[in-house]
Amino acid sequence: MSSNYFYLRYTWVKRVDVKRLAENLSLSFELAPRKISDPGPLSIVGPDTKEAFQVRADTLYVYLSPVRATLFQKERKPFTERDLELRKRIFVHYPRNRATPLPWGFSDEPQFEVKK
């Protein structure tokens, strides 16, 4: 387990109200707007994948977009109780481990440790 934790979660049909989710998460976690410059006309980044907010627990960060959540750690460390709570809440809103219902692109969650 030498690489940092990085995991993508998705919705398929519905879009998450990112602003509402961010406001809800801000009651328990640190919240910051994501400022991403215009990637230009050739970018594959669409409005549904544009990350609007960053949420942080202790060691776990999450970028939120309407169809995808990017969970990651900047430095590999054991998850705290707050990290686990944020992860759990993100999984409720982004229940899928692949971008499409078609049978490819599976993504297994990386192993992680929990702080004792």
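The values are calculated or read from the model by the stated rules, or taken from the named source; none is laboratory data. In this text the structure is predicted, and so the values were computed from the model without any measurement. We place every Cβ from the backbone using ideal geometry, glycine too, and count neighbours over all the protein chains shown.
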Review point. Taking segment 86-110 only, how many residues are touching a residue at least 12 places away in the same chain (Cβ under 8 Å) and within 16 Å of Thr70 (Cβ to Cβ)?
Key: 15
Point to revise | Residue selected from segment 20-35 under the condition loosely packed, with under 12 Cβ neighbours inside 10 Å and either of a type in the set (Phe, Trp, Tyr) or at pLDDT below 95 (or both), by the criterion farthest from Arg56 (Cα to Cα) | key: Lys35
Exercise for review: Evaluate the following for Phe53: is it crowded, with 19+ Cβ neighbours inside 10 Å, closer than 19 Å to Arg20 by Cβ and not aliphatic (A, V, I, L, M)?
Suggested key: yes
**Study point:** Residue list for segment 73-100, restricted to those being out of contact with any Lys or Arg (no Cβ under 9 Å at 6 or more places or on another chain) and loosely packed, with under 15 Cβ neighbours inside 10 Å
**Key:** Lys74, Glu75, Arg76, Lys88, Val92, Thr100
Point to revise | Hits in segment 1-15 (condition: of a type in the set (A, V, I, L, M) and either closer than 21 Å to Trp104 by Cβ or at pLDDT 95 or above (or both)) | key: Leu8, Val13
